[in-house]
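See structure below.
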Amino acid sequence: MALIEFEYIDTQKALVEYCEKIKWASALAIDTEFVRTRTLVPQLGLIQVYDGEHLALIDPVAIADLSIFSNILCDESVVKVLHSCSEDLDALWHNLGVVPSPLYDTQFAANLLDMGQTLGYANLVEQILEVHVDKGESRTDWIARPLSSEQLHYAAADVFYLLPVYHDLAKQVESLGQTDWVFAESAFLSQKKRTDLPSEYAYLSIKNNWKLGAHSREALKLIAAWRLEQAQKRDMAINFVLREQSMLEVAMKLPDTKAKLFQLQSITPKEARIHCDTLLAFVMQARATEQADCPGRIQRLIDFSAYKKALSELKRICDELAVENNTRAEVLASKKQLNQWLKWCWFDFDELDAMALQPDIISGWRKALFVPKLQTLFAKDNTGQFNALRSI
């Protein structure tokens, strides 16, 4: 691996000077290093930036005001290149209050080129540039200071090779006429990162919530909302507030005394001791709630008789679109995304409704592809299996 030159930026003055150098770039390779072990929000430890000439490692721990760099992230004339950008978007959004735009995710571009659906950065660099990238420092505590020379060079490599990889991928994707797909998919991911599930609906994302009766659902709704709000208030990883299995058992068993609460198998003595009064109060509130006022039965796709047939039809549509657009069905939609649409159509209320979002396959760049096919499917349906689908 080549010796990479970089500038370590830990003062406001140096940041301003660097941003002056890169603001005219056509594209910037960007990566972040962060720690997210005990916190809800990623703790940003380093931002790597490379314009092809000037590579910088920006220290957000040392610099209080990063707004001048945030302005560049939002500059629509500069393409921001990231690889597998989901976690980086989280880190930037929660720490800087912005997400990069326009954004080009090289992992999605590689997927379009059939190089692998979740191809890692090191493997991508090796395939395209025939360079080995050392990933030995990936578990570093990026908040600790000072960072070692090895850690800094590891971080620099994450953007040094990304820019030439981007130029290579961009040419290949352009030859397929699918450049717009990459930008649109990246923008779609950015939009979703800015949308959170309201705390009052946090119970919808809890595994096995469908097993609960009415009053247990009410208890789960109350406890899940409180747990999320506590995590947000204290910036604490959500399971450090109360583990999911503990919360679910409390909701399922509805203990009405301290003795019964401490006897639950899932809850730890520490959880019971710290949260005893709070949990019992929620249980009592749930028990006192009229059944008609409790959350409705939580639905599952497998409980719908038309599910298997409907999923098969959606997969057929995906296959047709893949042939028509010279790509693979997996690029257009995963099984999870097809199921997401069916839930949105059939369920009385789901997480997308709670966030005022539409399913992936009828949003962004996929909408123009899928909607005509879905409308044709509705028109031909004479079995009634799709008559519960909401309009698109």
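If you go through region 347-357 one residue at a time, do you hit one that is modelled with pLDDT under 95, within 26 Å of the chain's Cα centre (by Cα), aromatic (Phe, Trp, Tyr) and assigned to a helix (DSSP H, G or I)?
There is no residue in region 347-357 that is modelled with pLDDT under 95, within 26 Å of the chain's Cα centre (by Cα), aromatic (Phe, Trp, Tyr) and assigned to a helix (DSSP H, G or I).
Given the criteria modelled with pLDDT under 95, aliphatic (A, V, I, L, M) and out of contact with any helix residue (DSSP H, G or I) (no Cβ under 6 Å at 6 or more places or on another chain), does LEU189 qualify?
Values: modelled with pLDDT under 95: yes; aliphatic (A, V, I, L, M): yes; out of contact with any helix residue (DSSP H, G or I) (no Cβ under 6 Å at 6 or more places or on another chain): yes.
Yes: the conditions hold for LEU189.
Of the residues GLN172, GLN263, which is without any contact (Cβ under 8 Å) to a residue 12 or more places away in the chain and not hydrophobic (A, V, I, L, M, F, W, C)? Break it down into steps so the answer makes sense when it comes.
Working: GLN172 fails: without any contact (Cβ under 8 Å) to a residue 12 or more places away in the chain.
Just a single option satisfies the conditions, and that option is GLN263.
Limited to region 60-87, what total is found for residues that are free of Cβ contacts under 8 Å to residues at least 60 places away in the same chain, closer than 17 Å to VAL159 by Cβ and not aliphatic (A, V, I, L, M)?
5
Let's see how each residue does on (1) exposed (fewer than 13 other Cβ atoms within 10 Å of the Cβ); (2) among the polar types (S, T, N, Q); (3) under 16 Å from TYR8 (Cβ atoms):
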{"residue": "GLU126", "(1), (2), (3)": "no, no, no"}
{"residue": "VAL133", "(1), (2), (3)": "no, no, no"}
{"residue": "ARG139", "(1), (2), (3)": "yes, no, no"}
{"residue": "ALA144", "(1), (2), (3)": "yes, no, yes"}
{"residue": "ALA156", "(1), (2), (3)": "no, no, yes"}
{"residue": "LEU162", "(1), (2), (3)": "no, no, no"}
{"residue": "VAL165", "(1), (2), (3)": "no, no, no"}
{"residue": "ASP168", "(1), (2), (3)": "no, no, no"}
{"residue": "LEU176", "(1), (2), (3)": "no, no, no"}
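In region 248-273, what residues are of a type outside the set (A, V, I, L, M, F, W, C), part of a helix (DSSP H, G or I) and more than 29 Å from the chain's Cα centre (by Cα)? Before the answer, list the steps.
Keep residues of region 248-273 that are of a type outside the set (A, V, I, L, M, F, W, C), which gives 249, 253, 255-258, 260, 263, 265-266, 268-271, 273.
Applying the additional criterion that residues be part of a helix (DSSP H, G or I) yields 249, 253, 258, 260, 263, 269-271, 273.
The answer is LYS253, LYS258, LYS260, GLN263, PRO269, LYS270, ARG273.
Output yes when any residue across region 303-326 is outside any helix (DSSP H, G or I) and closer than 30 Å to ASP105 by Cα, and no when none is. Outline the logic, then answer.
Going residue by residue through region 303-326, those that are outside any helix (DSSP H, G or I) are 304-306, 325-326.
Those left that are additionally closer than 30 Å to ASP105 by Cα: 325-326.
Within region 303-326, one or more residues are outside any helix (DSSP H, G or I) and closer than 30 Å to ASP105 by Cα.
The values are calculated or read from the model by the stated rules, or taken from the named source; none is laboratory data. Because the structure is a prediction, the values reported are computed rather than measured. Don't worry about glycine lacking a Cβ; one is built from the backbone with ideal geometry, like all the others, and counts go over all protein chains shown.
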